[in-house]
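Asker: Take a look at the following structure, please.
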Amino acid sequence: MVETDEAVNNSVYSNGLIHNSNGLLEEKLVELRRLMEKADGDPLRIVGIGAGAWGSVFTAMLQDSYGHLRDKVLIRIWRRPGRSVDRVTAEHLFEVINSREEVLRRLIRRCAYLKYVEARLGDRTLLADEILKDGFCLNMIDTPLCPLKVVTNLQEAVWDADIVINGLPSTETREVFEEISRYWKERITVPVIISLAKGVEAELEPVPRVITPTQMINRATGVPVENILYLGGPNIASEIYNREYANARICGAEKWRKPLAKFLRQPHFIVWDNGDLVTHEVMGGLKNVYAIGAGMVAALTNESATSKSVYFAHCTSEMIFITHLIAEEPERLAGPLLADTYVTLLKGRNAWYGQELAKGKLTLDLGDSIKGKGMIQGVSAVKAFYELLSESSLSVLHPEENKPVAPVELCPILKMLYKILIKREYPSQAILQALRDETMNDPRDRIAIAQTHVFYRPSLLGQQP
């Protein structure tokens, strides 16, 4: 079911930036409505699919900005029903509520406070979709959002949606959009889809290639590639909602990326646009691979700055090497990739996961969907990149042995992460052994190899040479 509520529309942000004026916001919305050929009285329907941290924040930002224009836009979010909130989380949520006067007053005004008292006392079990209506994302309890209109029936959520925001993990994208495609068989208009997912899969037949979430969506639904975009950037969901300055890129066809960049742009959230869709998606998945290893190194060396810098040198050289395999002009990706990697290493869930594994607080048997954090997408990305780069058909010439080898042989960090996380042949401590291997090449040599040899394989992204 859908819950309606008043929109939150403050005029001044907490960091001092002035909110977009209502007039400017309405102008941007009218412009997008015109492009989507919406008739008067027919609201632009935007729905977020998936209620993880980033998906919830993205939808909440739209609600904050445009939710008051009810006659022109309807913003909703879908999440699966029935997920219960455990007692420990309910107790923590109660503390968060009582520490935020504006949140406390809002819940009292909505007659919603009592259920959180009952949950704190253990007299009631809260549901994730229930608390999301009040602005609490289960994966981000410490950062209250604005109230959201929540739908738990997927068909109800998407059947007439004009813009769909994919906030699902890459590992769930294909399955959910295959279900969505069944509800779109009768559609006349084609929706626009913005994917936030950072992850990849490997497809090894008939030729090795990367499969990204936008490609999964295209295959599952038949929506043209021109109507599917990717948005990503070096950002942490909670910080963006707290209006820390951030930027992102929306990538895809010019018809949609430029007006959507304008529509999404806010004083604290600058959105640029770029035509290189798939490559930016792949880079978003690649940095998660090495973030897990960075977390391990940090935990195992007691946050040694020297050890972390050694790891950073090796992992960035491997990423540069891999970008030369998949991108014709890899230099253009250096800045965005390093920025996204940097923020993920500092505060991302993949680095956190690596730390917790190395400390023994988590085990691989728990899987890669972690309570309070959501899906750790770097694990599946390790498997995808390792399998892809192990293919002999992609062989490159080894600079010292002067013989063809699979690209993964020049990526020792990736190899070790695969053995730790996927094959489970070694404990987390083995990542340090890989760093301290005396036979390992200078990271600079790997970069030099990539820059002086023709490694580009357009087939990896499904492109013709």
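Asker: Which is closer than 21 Å to residue 407 by Cβ and open to solvent by 30 Å² or more (accessible area, probe 1.4 Å), of 270, 320, 292?
Answerer: Working: 270 fails: closer than 21 Å to residue 407 by Cβ; 292 fails: open to solvent by 30 Å² or more (accessible area, probe 1.4 Å).
Criteria check complete, one pass: 320.
Asker: May I ask you to list the residues in the stretch 209-222 that are at negative phi and open to solvent by 10 Å² or more (accessible area, probe 1.4 Å)?
Answerer: Step one: filter the stretch 209-222 for residues at negative phi, giving 209-221.
Listed by number, the residues that qualify are 209, 215, 218, 219, 220, 221.
Asker: Then there is this: Across the stretch 34-57, what is the total count of residues that are assigned to a helix (DSSP H, G or I) and in contact with a helix residue (DSSP H, G or I) (Cβ under 6 Å, 6 or more places away or on another chain)?
Answerer: Let us first name the residues in the stretch 34-57 that are assigned to a helix (DSSP H, G or I), namely 34-35, 53-57.
From the residues that got through so far, the ones that are in contact with a helix residue (DSSP H, G or I) (Cβ under 6 Å, 6 or more places away or on another chain) too are 35, 53-54, 57.
Counting residues in the stretch 34-57 that are assigned to a helix (DSSP H, G or I) and in contact with a helix residue (DSSP H, G or I) (Cβ under 6 Å, 6 or more places away or on another chain) gives 4.
Asker: Evaluate the following for residue 383: is it within 30 Å of residue 207 (Cα to Cα), of a type in the set (Lys, Arg) and either in contact (Cβ under 8 Å) with a residue 60 or more places away in the chain or open to solvent by less than 50 Å² (accessible area, probe 1.4 Å) (or both)? Let's see the steps before the verdict.
Answerer: Numbers: within 30 Å of residue 207 (Cα to Cα): yes; of a type in the set (Lys, Arg): yes; either in contact (Cβ under 8 Å) with a residue 60 or more places away in the chain or open to solvent by less than 50 Å² (accessible area, probe 1.4 Å) (or both): yes.
So residue 383 fits the description; yes.
Asker: So, one more: Determine which member of the set 138, 127, 145 is open to solvent by less than 20 Å² (accessible area, probe 1.4 Å) and closer than 19 Å to residue 60 by Cβ. It would help to see each step written out before you state the result.
Answerer: Working: 138 fails: open to solvent by less than 20 Å² (accessible area, probe 1.4 Å); 127 fails: open to solvent by less than 20 Å² (accessible area, probe 1.4 Å).
When all the criteria are applied, what remains is 145.
Asker: So is residue 278 in contact with a Ser or Thr (Cβ under 7 Å, 6 or more places away or on another chain), at pLDDT below 85 and open to solvent by 20 Å² or more (accessible area, probe 1.4 Å) or not? Working first, answer last.
Answerer: Values: in contact with a Ser or Thr (Cβ under 7 Å, 6 or more places away or on another chain): yes; at pLDDT below 85: yes; open to solvent by 20 Å² or more (accessible area, probe 1.4 Å): yes.
Spelling it out, residue 278 is indeed in contact with a Ser or Thr (Cβ under 7 Å, 6 or more places away or on another chain), at pLDDT below 85 and open to solvent by 20 Å² or more (accessible area, probe 1.4 Å).
Asker: Which pairs do you get when a residue that is closer than 25 Å to residue 23 by Cβ and aromatic (Phe, Trp, Tyr), found in the stretch 59-88, comes within reach of a residue that is open to solvent by less than 50 Å² (accessible area, probe 1.4 Å) and part of a helix (DSSP H, G or I), reach meaning Cβ atoms under 9 angstrom, with the pair 6+ apart or on two chains?
Answerer: Going by the 9 Å Cβ cut-off, the qualifying pairs are 66/25; 66/28; 66/29; 66/263.
Asker: Out of all the residues in the stretch 326-345, is one or more assigned to a helix (DSSP H, G or I) and within 22 Å of residue 193 (Cβ to Cβ)?
Answerer: Kept after step one, since they are assigned to a helix (DSSP H, G or I), are these residues of the stretch 326-345: 326, 330-345.
Those still in the list that are within 22 Å of residue 193 (Cβ to Cβ) too: 336, 340.
Within the stretch 326-345, one or more residues are assigned to a helix (DSSP H, G or I) and within 22 Å of residue 193 (Cβ to Cβ).
Asker: OK, next. From the list 100, 106, which residue is more than 23 Å from the chain's Cα centre (by Cα), of a type in the set (Lys, Arg) and open to solvent by less than 50 Å² (accessible area, probe 1.4 Å)?
Answerer: On the way: 100 fails: open to solvent by less than 50 Å² (accessible area, probe 1.4 Å).
None of the others qualify; the one that does is 106.
Asker: Next question. Among the residues of the stretch 74-93, is there at least one that is assigned to a loop (DSSP other than H, G, I, E, B), at pLDDT 95 or above and surrounded by 23 or more Cβ atoms within 10 Å (Cβ to Cβ)?
Answerer: Yes; the residues of the stretch 74-93 include at least one that is assigned to a loop (DSSP other than H, G, I, E, B), at pLDDT 95 or above and surrounded by 23 or more Cβ atoms within 10 Å (Cβ to Cβ).
Asker: Before we move on, is residue 155 open to solvent by 10 Å² or more (accessible area, probe 1.4 Å), in a helix (DSSP H, G or I) and without any contact (Cβ under 8 Å) to a residue 40 or more places away in the chain? Explain how you work it out, then say what you get.
Answerer: Working: open to solvent by 10 Å² or more (accessible area, probe 1.4 Å): yes; in a helix (DSSP H, G or I): yes; without any contact (Cβ under 8 Å) to a residue 40 or more places away in the chain: yes.
So residue 155 passes the test.
Asker: Determine if the stretch 171-189 includes at least one residue that is open to solvent by less than 10 Å² (accessible area, probe 1.4 Å), of a type in the set (Val, Ile, Thr) and not in a helix (DSSP H, G or I). Walk me through it before giving the result.
Answerer: We begin by selecting, within the stretch 171-189, every residue open to solvent by less than 10 Å² (accessible area, probe 1.4 Å); these are 173, 176-177, 180.
Subsequent filtering for residues that are of a type in the set (Val, Ile, Thr) retains 173, 176, 180.
From the residues that got through so far, the ones that are not in a helix (DSSP H, G or I) too are none.
Within the stretch 171-189, none of the residues are open to solvent by less than 10 Å² (accessible area, probe 1.4 Å), of a type in the set (Val, Ile, Thr) and not in a helix (DSSP H, G or I).
Asker: Could you check the stretch 119-174 and list, in sequence order, the residues that are among the polar types (S, T, N, Q) and within 19 Å of residue 198 (Cα to Cα)? It would help to see each step written out before you state the result.
Answerer: If we filter the stretch 119-174 for residues that are among the polar types (S, T, N, Q), which is where we start, we get 125, 139, 143, 152-153, 155, 166, 170-171, 173.
Answer for the stretch 119-174, where residues must be among the polar types (S, T, N, Q) and within 19 Å of residue 198 (Cα to Cα): 139, 166, 170, 171, 173.
Asker: Return the only residue of 130, 186 being at pLDDT 95 or above and among the acidic types (Asp, Glu). Give the derivation first.
Answerer: Numbers: 186 fails: at pLDDT 95 or above.
After ruling out the rest, the residue left standing is 130.
Asker: Taking residue 104 and the conditions (1) on the phi < 0 side of the Ramachandran plot; (2) touching a residue at least 12 places away in the same chain (Cβ under 8 Å), which numbered condition does it fall short on, given that it satisfies the others?
Answerer: Residue 104 satisfies every listed condition except (2).
One line per residue, one yes/no per condition, for (1) out of contact with any helix residue (DSSP H, G or I) (no Cβ under 7 Å at 6 or more places or on another chain); (2) closer than 21 Å to residue 162 by Cβ; (3) at pLDDT below 95:
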residue	(1), (2), (3)
22	yes, no, yes
26	yes, yes, yes
32	no, yes, no
59	yes, yes, no
63	yes, yes, no
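Asker: Could you run through the stretch 323-341 and say how many residues are at pLDDT 80 or above and open to solvent by 20 Å² or more (accessible area, probe 1.4 Å)?
Answerer: Total satisfying the criteria: 1.
Asker: Then there is this: With the requirement that a residue be in a loop (DSSP other than H, G, I, E, B), open to solvent by 30 Å² or more (accessible area, probe 1.4 Å) and on the phi < 0 side of the Ramachandran plot, what does the stretch 346-380 give you?
Answerer: Those that are in a loop (DSSP other than H, G, I, E, B), open to solvent by 30 Å² or more (accessible area, probe 1.4 Å) and on the phi < 0 side of the Ramachandran plot: 361, 363, 368, 371, 373.
The values are calculated or read from the model by the stated rules, or taken from the named source; none is laboratory data. Predicted model, so just to flag it, every value in this text is computed and none were measured. So basically every Cβ, Gly included, is an ideal-geometry build from the backbone, and we count neighbours across all protein chains shown. Protein only, heavy atoms only, side chains kept; ligands, DNA and RNA dropped before computing areas. Shrake-Rupley method; radii C 1.70, N 1.55, O 1.52, S 1.80 Å.
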